[in-house]
Amino acid sequence: MKIASRIILILFVVIVGLYLAVYAYTGQDEENWFNTHYRSKIAQYPLMRSLFYLHWDGDAKSDYLTSNRFSSLKIEIDRYEECLLTDEMFDAIEKGIKKVVQKPGGIAFEESNIFSLTKNEYTVEELLAIKETYKDKSSSRNEATIQLVCVNGYADDPSNIGLTLMENGIGIFWQTIKDLASNNPDSLEPFVVSTVLHEFGHQIGMGHIEDDECLMAAFVERPGNAKGALKKIPVSFCDEELKSVEQIRESL
């Protein structure tokens, strides 16, 4: 009995030690041994992401880019009252996502929560709190989920119109986008679509690229004072991005 107890204790110590060692490395340099060789493999499983706090952009890319475990994709919409996302926007977003994601069970949008705001702008910490407050579900039961949170503005960078929220969320800033489109109301929808697809690109593992005609160009999420010329707003992944996505998918 004593030997069995010692073995159990040793195993417990080893497991806890390994957990602490891995946990210690997850938030450090992107190029360290864990993040380079093991992070993407472990992050394929939602439970492991929770255990080891794997919440960087792209940590959930396997949920979205593969269909063996998650054959459908749900986009959960949590927005404030004045964030008037339309069916036309959803259709365009779905069309863009389908260029990089193959889900035989389909892509669905779910209006989950409509909430009131108490401020004109929100910090990233406040956005994460909103995300967690209204999140209805995570990827599970054959369905991958990404959460779209819409508030009015971003306190940390007022010119920013979108950002990622952990590994499974997207934030957009409706009032900031409306202000950008004020000189050209027809640019409102392309700005929204472009922003959502850009941030989704980050969540499937893509970084920024140099070509301004592509969705992953850095200016897409920070267009500054460029007041809504339709021809300058990319709303579809370009060939360079499609090739990048295939390389990411093959690495999973």
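The values are calculated or read from the model by the stated rules, or taken from the named source; none is laboratory data. Note that the structure is predicted; figures quoted are calculated from it, not measured. For neighbour counting, all protein chains shown are included, and Cβ atoms are generated from backbone atoms with ideal geometry for every residue, glycine included.
Do you know which residues across segment 67-91 are of a type in the set (S, T, N, Q) and surrounded by 12 or more Cβ atoms within 10 Å (Cβ to Cβ)? Step through it out loud before you land on a result.
Keep residues of segment 67-91 that are of a type in the set (S, T, N, Q), which gives 67-68, 71-72, 86.
Selection gives SER67, SER71, SER72.
In this structure, is GLU132 within 24 Å of GLY205 (Cβ to Cβ) and among the acidic types (Asp, Glu)?
Numbers: within 24 Å of GLY205 (Cβ to Cβ): yes; among the acidic types (Asp, Glu): yes.
Against the criterion (within 24 Å of GLY205 (Cβ to Cβ) and among the acidic types (Asp, Glu)), GLU132 qualifies.
For segment 92-118, what are the residues that are among the small types (Gly, Ala, Ser), surrounded by 13 or more Cβ atoms within 10 Å (Cβ to Cβ) and either over 16 Å from the mean Cα position of the chain (by Cα) or closer than 14 Å to ALA144 by Cα (or both)?
The initial filter retains those residues of segment 92-118 that are among the small types (Gly, Ala, Ser), namely 92, 96, 105-106, 108, 112, 116.
From what is left, the residues that are surrounded by 13 or more Cβ atoms within 10 Å (Cβ to Cβ) are 92, 96, 105, 108, 112.
Selection gives ALA92, GLY105, ALA108, SER112.
Please specify each residue of segment 112-137 satisfying the condition of being at pLDDT 95 or above and among the acidic types (Asp, Glu).
GLU121, GLU125, GLU126, GLU132
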